[in-house]
Structure formats: structure tokens, C-alpha cells
Amino acid sequence: MTQSSECESSDFNINKLASNYSNKKNTLEKNTSIEMDKMSQELISSIKVSKENQIDAVNNRFPCCVVWTPLPIITWFLPFIGHMGICYTNGVIRDFAGPYFVSEDRMGFGIPTRYWRLSVDKIPFVQNKRETWDRAVKEASEEYKKRMHNLFCDNCHSHVAYALNLMNYDNSSSWNMVKLCFLMFFKGSFVNFGGFLKTWLPFMVIIGTITLIKSSFF
């Protein structure tokens with residue numbers, strides 16, 4: 001009787017250990033599967049965001065950028081002055097193109113030749129930074145649909161500044177057209193070599209012509 005009880009007890013312990021091992025194995029596999037799924041989703045999300053953040057100059061997509069294009073005649077003589085817009089996180093451009101009109105996905109004076117890339121990470125005190133960026137651009141655009149365009153006081157640069165102030169970009173609410181004008185001039189990148197020529201060639205031709213005329217007469 002004693003040996004039989006010991007055998008039964010031993011079998012019971014082995015079965016119990018086997019059951020515990022099986023349960024732990026299943027739990028571990030389940031947790032591993034959940035972690036793998038989570039990592040896979042994060043990777044897919046990261047790739048998607050990375051793709052959305054890519055600049056696509058061919059299709060005029062400049063995510064989270066301030067964009068710039070020359071103004072006829074004005075930029076020829078003053079290369080730091082041009083037409084400015086701001087883009088949604090998906091790269092679509094909004095620009096204050098005229099009285100009571102904010103264009104979308106088509107800049108008022110031609111495709112961008114320069115862009116200044118910003119970062120949603122510089123928007124403080126909010127969780128969903130991309131949503132905050134897009135909301136600020138949209139609200140600024142809706143506001144400027146109600147405004148008369150003024151070349152000197154309330155223009156395309158002012159529209160961009162209004163959006164940046166709404167989102168408190170870089171922890172600042174003092175963005176203005178003068179600040180943006182010079183930041184674009186010094187920090188902006190050219191979309192391509194054609195953009196560089198479109199911006200600077202007229203100015204260089206004018207300077208060259210003036211120099212040639214001056215040297216001929218004096």
C-alpha cells in the first residue's frame with residue numbers, strides 16, 4: 001500500500017510539473033506572439049510615418065515645411081522677398097495667395113523653389129503633435145480667407161506666422177513676416193538646381209547688365 005501510494009504521488013507530481021511546464025510554455029508563447037505583433041505594428045507605423053515625412057518635390061509634397069517661390073519682378077531685384085506657404089503633415093501646401101483666398105495644393109505664384117523643413121517635435125505641451133500642426137495650419141487658413149491681402153502688413157508670410165503662433169512652434173508665439181523672411185533666406189534649401197536658377201538667375205542677369213552698362217559709359 002505504501003509503495004502504491006508513493007507511485008501514485010510520484011505520478012501526480014510529474015503530471016503536475018508537466019502541466020505547469022505546458023502552461024508556462026503556452027503563456028510564454030502567447031506573450032511572445034503579442035510582443036511580436038506589437039513590434040510589427042510599431043515598425044509598420046514607423047515606416048508609414050517615415051514615408052509620409054519624405055519630401056516629394058515631383059508631386060509638390062513638403063510635409064511640415066515652409067515653402068517659398070519667387071515673385072515676378074520683385075524677387076528679380078530683391079531675392080530675399082518671395083511668396084510663402086506652409087504645408088500640412090501630408091505635404092499639401094496652403095498659401096495666402098490673394099484677398100480672401102488661401103489656395104490649397106497649388107501655390108499662387110508657381111511651384112516651390114525653396115523649402116525650410118520644420119519638426120512637429122518642437123510643438124510643446126501636446127500629445128498628438130501632428131494633429132496639432134494640421135489643425136493650426138487649417139485654422140490659420142480659415143482665418144486668412146476672411147482677410148484682405150496687404151503686401152506690406154498682412155501677407156503670405158503673415159499667414160504662415162499665424163499658423164506657427166497658433167501651434168506655439170518652438171515654444172514661441174512671436175513669429176512674424178520679417179523673421180520668416182530672413183529665416184527662409186538663410187535656412188531654406190533649394191528644391192533642385194532649377195529652383196536655384198529660377199530664384200537667382202534674373203537677379204544675376206540684372207546685376208550683370210548694370211555692371212556692363214556702367215563699365216561701357218564710365
*List the chymotrypsin sites (Phe, Trp or Tyr not before Pro) in segment 122-182 that DSSP assigns to loop (not H, G, I, E or B) and whose Cβ has at most 16 other Cβ atoms within 10 Å. Which are they?*
PHE125, PHE152
*Taking the convex hull of the Cα atoms, report for segment 111-188 its projected area averaged over all directions, in nm².*
5.5
*Could you give the distance between the Cα centres of segment 195-218 and segment 92-113, to the whole Å?*
29
*Could you give the size of the charge dipole of segment 90-149 about its Cα centre, using +1 on the Cβ of each K and R and -1 on the Cβ of each D and E, expressed in debye and rounded to the nearest 20?*
120
*Stokes-Einstein D (µm²/s) once Rh is taken as the Kirkwood radius of segment 79-218 over alpha-carbon pairs, at 10 °C in 1.306 mPa s*: 97
*Dipole of segment 124-218, positive direction: furthest Cα of TYR169, SER189, ILE206, with charges on the beta-carbon*: ILE206
*Total charge dipole magnitude, segment 50-186, about the Cα centre, Cβ charges on Lys, Arg, Asp, Glu only, Debye to nearest 20*: 100
*Tell me which residues come under 5 Å, amide H to amide H, from ARG114 once H is placed; ignore anything under 5 positions away on its chain.*
TRP68, VAL191
*May I ask which of LYS138/LYS198; LYS122/LYS187; LYS129/LYS187; LYS145/LYS179 have a Cα-Cα span longer than 27 Å here?*
LYS138/LYS198
*If you count, for each residue, the other Cβ atoms within 10 Å and average over each peptide, how do 86-94, 74-82, 107-115 line up from highest to lowest?*
86-94, 107-115, 74-82
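Every read-out reported here was derived from the displayed coordinates using simple, explicitly stated rules and does not represent laboratory data. Please read these numbers as outputs of a predicted model, since none were measured by experiment. Using ideal geometry, Cβ is built from the backbone for each residue, glycine included, and neighbour counts are taken over all protein chains shown.
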